[in-house]
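The structure appears right after this line, and notes come after that.
Quick note: the coordinates plus some simple rules give every number you see, no bench work behind them. No experiment lies behind these values; they were computed from the predicted model shown. Glycine also receives a Cβ, built like all others from the backbone with ideal geometry; neighbour counts cover every protein chain displayed.
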Amino acid sequence: MSIDIYAADEQHDEIIDLEAWVAVANGALTDEGVRGLAEVSLIFLDEPAIAALNQQFMGKEGSTDVLSFPIDNEPEPSGRVPDAGGSGPGEPPIPEIPQLVGDIVICPAVAARNAVEHECSLDDELALLVVHGVLHLLGWDHAEDEEAERMEARERELLARHYKKATT
């Protein structure tokens, strides 16, 4: 049983270490209780691509640093499944189907600008965005001040556990 994270770098603005960000996402997902077979996509896009997604799905103009698209679980069928093709009454054994958790989309160009504003490295900002995206996939929100404080505290905990800052 494992979490599969499909990572793609579809931008050319910044050099991205996909393995490092997959490891951070995997650690955060595991700490947040994702168990068994699960799938997440982690995609790095350029500004025009993320701006189009931001407009299409959030109704907002312009690029953004991170978007999360959780995939809602459909309820398990209950009772007998007569058309499932078993040889007798009841339900035939069904192999475990991966839980599709969702997609995280990050724009490194926007993250680079944020890093300057936050006086941190690009890697620090990307690590925060990966963890932030994971938490959004799992239902965390920051619309209210209290929610924002809880989410930021959890981000700090997960970053301390799963992100090792580069020393130069």
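General observations
- Given their separation in residues at 0.36 nm each and the Cα-Cα distance between them, Asp145 and Asp13 gain 44.2 nm when the chain is fully extended.
- Fewest neighbouring Cβ atoms within 10 Å first, the residues Trp21, Trp140 line up as Trp140, Trp21.
- Take 146-157, 34-45, 103-114 and order them by the average number of nearby Cβ atoms within 10 Å per residue, most first; the result is 103-114, 34-45, 146-157.
- Three-way shape label, region 111-168, alpha-carbon gyration tensor, a/c 1.5: prolate
- All-pairs Cα distance distribution in region 1-74, expressed in whole percent, bin size 5 Å: 3, 14, 21, 22, 17, 15, 7, 1, 0
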